[in-house]
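Q: Provided herewith is a single structure, encoded as structure tokens, for subsequent inquiry.
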Amino acid sequence: MINKFGKTYTLSCDICQEEVNKTFFDFYEAVNFKKDNGWKSKKDESDEWIDVCPECEAIK
Ligand SMILES: [Zn+2]
């Protein structure tokens, strides 16, 4: 998920909870990072959007 902390954003995987060691200053910067680095956005069983890192995506 993308978390907002004041004026910055962080990105973490909703499966392994691993957080990207990077700070974003714009929501879309984080979205673009996901696209560029093989992250996937998908819906879980309760229809919530989750962000999945490339490692977790590879396991599935
Ligand atoms: Zn993960």
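Readers should treat all values here as calculations from the given coordinates under stated rules, not as data from a laboratory. What you are looking at is a predicted structure, and each value in this text was computed from that prediction instead of being measured. Cβ sites come from the backbone with ideal geometry, for glycine too, and all protein chains shown count toward neighbours.
Q: Quick one: 3J(HN,Hα) in Hz for the range 23-31, Karplus 6.51/-1.76/1.60 with θ = phi - 60°, rounded, Gly and Pro as x.
A: Each residue of the range 23-31 in turn: 10, 10, 9, 8, 4, 6, 4, 5, 5 Hz.
Q: Whole-Hz Karplus ³J(HN,Hα) for the range 2-15, in order, using 6.51 cos²θ - 1.76 cosθ + 1.60 and θ = phi - 60°, x for Gly and Pro?
A: Each residue of the range 2-15 in turn: 9, 9, 9, 10, x, 9, 10, 10, 10, 10, 9, 7, 7, 9 Hz.
Q: Pop out the ³J(HN,Hα) list for the range 42-57 in order, Karplus 6.51 cos²θ - 1.76 cosθ + 1.60 with θ = phi - 60°, rounded to Hz; leave Gly and Pro as x.
A: 9, 9, 8, 4, 9, 6, 9, 6, 10, 9, 10, 6, x, 5, 5, 5
Q: Take the Cα pairs of the chain, get the Kirkwood Rh, then feed it into Stokes-Einstein at 4 °C and 1.567 mPa s and tell me D in µm²/s.
A: Values: Rh = 11.7 Å.
After rounding, the answer is 111 µm²/s.
Q: Report the label-to-label distance for THR10 and SER41 in nanometres (one decimal), using points 7 Å from each Cα along the Cα→Cβ vector.
A: Computed distance between label sites THR10 and SER41 equals 2.1 nm.
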